[in-house]
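Participant: Below is one structure. I have some questions about it.
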Number of protein chains: 2
Amino acid sequence: MSKAKIEVLEDIYAENDRISSIINKEFDKKGIFGVNVLGSPGAGKTTILIQLIKRMPDIKCYVVEGDIESDIDTVTLRKLGVDATQINTGGACHLDAVMIQKSIDDFELKNDGILFIENIGNLVCTAEFNIGEHIKMIIASVTEGSDKPYKYPLIFENADVILLNKVDLMPYVDFDEEFFLKGIRVLNPHVPVFKVSGKTGEGFDEAAKWLETKKKSY
Amino acid sequence: MSKAKIEVLEDIYAENDRISSIINKEFDKKGIFGVNVLGSPGAGKTTILIQLIKRMPDIKCYVVEGDIESDIDTVTLRKLGVDATQINTGGACHLDAVMIQKSIDDFELKNDGILFIENIGNLVCTAEFNIGEHIKMIIASVTEGSDKPYKYPLIFENADVILLNKVDLMPYVDFDEEFFLKGIRVLNPHVPVFKVSGKTGEGFDEAAKWLETKKKSY
């Protein structure tokens with residue numbers, strides 16, 4: 001890569017981090033806990049948010065839905081009464097801090113809430129941009145296979161919590177749980193991993209409880 | 001985005017297309033048919049290549065394996081006797097033409113072969129870079145959900161063929177096939193879609209036959 005290209009990339013990362021830090025301070029001031037939700041296309045990010053939100057009735061939850069195009073997930077969330085807003089990147093492969101800064105004006109953020117930011121389905125580029133969050137929640141799924149931590153290390157290395165979704169399909173796929181966890185432990189020795197099923201609801205009581213406790217620690 | 005950033009991006013695309021075109025001419029000269037294999041992380045790209053390659057015993061097949069890190073898939077392919085080479089991008093979210101230009105020197109490409117290039121698992125960035133290929137083969141899977149053409153339109157729009165994988169899991173997931181196909185038809189009215197299962201081998205006879213016929217037409 002040419003020196004000019006590298007410099008432009010460095011500029012982009014530095015400017016993004018600067019704005020991310022401003023958003024994060026804004027969240028702190030308002031008592032908002034920011035969660036960056038990351039995973040492959042179809043890992044089950046929206047379904048997981050629905051399962052978590054309904055287990056935290058006393059906490060006001062907001063969702064920023066990031067998609068290249070479409071508002072399918074925002075429509076789904078709003079039908080369930082969730083306060084959700086849409087970002088369409090038009091083609092960009094990740095959300096960045098500027099997009100979040102603009103979109104949170106759509107909400108009247110109240111004290112003691114959680115703002116979930118569902119990122120673009122992408123295990124690579126999304127890992128490189130902080131967007132004001134307090135924690136990164138990675139959604140993996142058993143149907144994607146157990147080798148993902150080895151192939152996409154950065155996102156697993158930076159995870160504050162991992163939800164392994166679609167465990168109801170475990171009997172029908174060749175998922176090597178030990179290999180998956182071993183890959184994670186090398187990168188991120190202490191990250192909690194919850195086994196869940198967006199379809200059956202299994203495992204979400206524990207995950208929601210962890211999230212509530214984590215929120216209080218900030 | 002600033003003018004400087006846009007100009008750098010335009011430079012990157014133009015330079016990539018220039019090299020892609022050189023590679024494509026090189027392929028033509030050598031009688032090699034180039035297939036860019038694209039899909040989400042865990043869609044089943046490598047498994048599909050194995051199923052296709054074993055159905056074309058008379059065609060010499062080569063595989064370039066693109067990964068951020070690890071050589072898991074290359075090792076698997078080589079164990080099966082497939083002529084495979086690894087590209088590790090180290091962090092980059094897609095393969096580009098320069099990477100391919102370097103890696104094909106690893107093979108002694110012979111007349112009348114197929115070179116499969118398995119791209120990084122990513123439905124966004126990979127769609128924007130031509131890498132010398134004759135066709136783009138998109139691997140989708142039923143476990144990712146039927147809304148993917150609506151959320152990631154570019155990659156489906158540019159597809160020359162789509163393989164819908166993991167149909168053996170259809171009874172256990174909520175996959176709306178009609179909605180999926182409708183989404184594809186809006187973007188790409190005539191693209192062939194083959195329903196396959198990397199696990200059971202279902203559907204690959206037809207897909208391999210299509211590929212052989214397509215190869216002859218170039």
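Participant: Go through the stretch B:71-81 residue by residue and tally those that are touching a helix residue (DSSP H, G or I) at 6+ places or on another chain (Cβ under 8 Å) and crowded, with 19+ Cβ neighbours inside 10 Å.
Facilitator: 2
Participant: Okay, next question. B:Lys60 versus (1) of a type outside the set (Asp, Glu); (2) in contact with a strand residue (DSSP E or B) (Cβ under 8 Å, 6 or more places away or on another chain); (3) under 19 Å from B:Leu123 (Cβ atoms): which is the lone unmet condition?
Facilitator: (3)
Participant: Can you pull out every residue in the stretch A:1-32 that is assigned to a helix (DSSP H, G or I) and either within 11 Å of chain B (Cβ to nearest Cβ) or under 22 Å from A:Lys166 (Cβ atoms) (or both)?
Facilitator: A:Ala4, A:Lys5, A:Ile6, A:Glu7, A:Val8, A:Leu9, A:Asp11, A:Ile12, A:Glu15
Participant: A further question on this structure: Is it the case that some residue within the stretch A:120-138 is of a type in the set (Asp, Glu), part of a loop (DSSP other than H, G, I, E, B), surrounded by fewer than 17 Cβ atoms within 10 Å (Cβ to Cβ) and away from chain B (no Cβ under 14 Å)? Before the answer, list the steps.
Facilitator: We begin by selecting, within the stretch A:120-138, every residue of a type in the set (Asp, Glu); these are A:128, A:133.
With part of a loop (DSSP other than H, G, I, E, B) added as a condition, the list becomes A:133.
In the following step, the residues that additionally are surrounded by fewer than 17 Cβ atoms within 10 Å (Cβ to Cβ) were identified as none.
There is no residue in the stretch A:120-138 that is of a type in the set (Asp, Glu), part of a loop (DSSP other than H, G, I, E, B), surrounded by fewer than 17 Cβ atoms within 10 Å (Cβ to Cβ) and away from chain B (no Cβ under 14 Å).
Participant: Say whether the condition of being of a type in the set (Lys, Arg) and either farther than 23 Å from B:Ile68 by Cβ or free of Cβ contacts under 8 Å to residues at least 24 places away in the same chain (or both) is met by at least one residue in the stretch A:120-137.
Facilitator: no
Participant: Filter the stretch A:53-74 down to residues that are within 22 Å of A:Phe27 (Cβ to Cβ) and hydrophobic (A, V, I, L, M, F, W, C) and give me whichever is farthest from the other protein chains (Cβ to nearest Cβ).
Facilitator: Within the stretch A:53-74, the match that is farthest from the other protein chains (Cβ to nearest Cβ) is A:Ile59.
Participant: Taking B:Ile87, is it without any contact (Cβ under 8 Å) to a residue 24 or more places away in the chain and within 14 Å of chain A (Cβ to nearest Cβ)?
Facilitator: Criteria met by B:Ile87.
Participant: Give the residues of the stretch B:101-114 that are in contact (Cβ under 8 Å) with a residue 24 or more places away in the chain and either of a type in the set (Val, Ile, Thr) or within 22 Å of B:Glu15 (Cβ to Cβ) (or both), sorted by residue number.
Facilitator: Hits for the stretch B:101-114 are B:Gln101, B:Ser103, B:Ile104, B:Ile114.
Participant: Check A:Ile114 against each of (1) in contact with a strand residue (DSSP E or B) (Cβ under 9 Å, 6 or more places away or on another chain); (2) of a type in the set (Val, Ile, Thr); (3) under 19 Å from A:Lys199 (Cβ atoms) and name the one condition it does not meet.
Facilitator: Of the numbered conditions (1) in contact with a strand residue (DSSP E or B) (Cβ under 9 Å, 6 or more places away or on another chain); (2) of a type in the set (Val, Ile, Thr); (3) under 19 Å from A:Lys199 (Cβ atoms), the odd one out for A:Ile114 is (3).
Participant: Determine which member of the set B:Lys182, B:Lys199 is surrounded by fewer than 24 Cβ atoms within 10 Å (Cβ to Cβ), more than 18 Å from the chain's Cα centre (by Cα), in a helix (DSSP H, G or I) and within 14 Å of chain A (Cβ to nearest Cβ).
Facilitator: So the residue among B:Lys182, B:Lys199 that is surrounded by fewer than 24 Cβ atoms within 10 Å (Cβ to Cβ), more than 18 Å from the chain's Cα centre (by Cα), in a helix (DSSP H, G or I) and within 14 Å of chain A (Cβ to nearest Cβ) is B:Lys182.
Participant: Looking at the stretch B:8-24, can you tell me whether even one residue there is surrounded by 23 or more Cβ atoms within 10 Å (Cβ to Cβ) and not hydroxyl-bearing (Ser, Thr, Tyr)?
Facilitator: No, there is no match, as no residue in the stretch B:8-24 is surrounded by 23 or more Cβ atoms within 10 Å (Cβ to Cβ) and not hydroxyl-bearing (Ser, Thr, Tyr).
Participant: Moving on to the next point. Residues being out of contact with any helix residue (DSSP H, G or I) (no Cβ under 8 Å at 6 or more places or on another chain) and surrounded by fewer than 18 Cβ atoms within 10 Å (Cβ to Cβ): count how many of those fall in the stretch A:27-59.
Facilitator: Selection size over the stretch A:27-59: 7.
Participant: For residues that are touching a Gly at 6+ places or on another chain (Cβ under 9 Å) and in a strand (DSSP E or B), scanning just the stretch A:153-170, find the one that is nearest to the other protein chains (Cβ to nearest Cβ).
Facilitator: Residue satisfying both the conditions and the ranking: A:Asn165.
Participant: Within the stretch B:139-152, can you find the residues that are more than 8 Å from chain A (Cβ to nearest Cβ) and either assigned to a strand (DSSP E or B) or crowded, with 23+ Cβ neighbours inside 10 Å (or both)? Outline the logic, then answer.
Facilitator: The initial filter retains those residues of the stretch B:139-152 that are more than 8 Å from chain A (Cβ to nearest Cβ), namely B:139-140, B:142, B:146, B:149.
Hits for the stretch B:139-152 are B:Ile139, B:Ala140, B:Val142, B:Pro149.
Participant: Any residue in the stretch B:40-52 that is at the interface with chain A (Cβ under 8 Å from one of its Cβ atoms) sitting within a Cβ distance under 6 Å of a residue that is buried (at least 24 other Cβ atoms within 10 Å of the Cβ) and among the acidic types (Asp, Glu)? List the pairs, counting only those 6 or more apart or interchain.
Facilitator: Final answer for the pair search is B:Ser40/B:Glu144; B:Pro41/A:Glu144; B:Gly42/A:Glu144.
Each reported figure results from applying straightforward, stated rules to the coordinates on display, with no laboratory input. All values reported here derive from a predicted model rather than from experimental measurement. Positions of Cβ are backbone-derived with ideal geometry, glycine not excepted, and every protein chain shown enters the neighbour counts.
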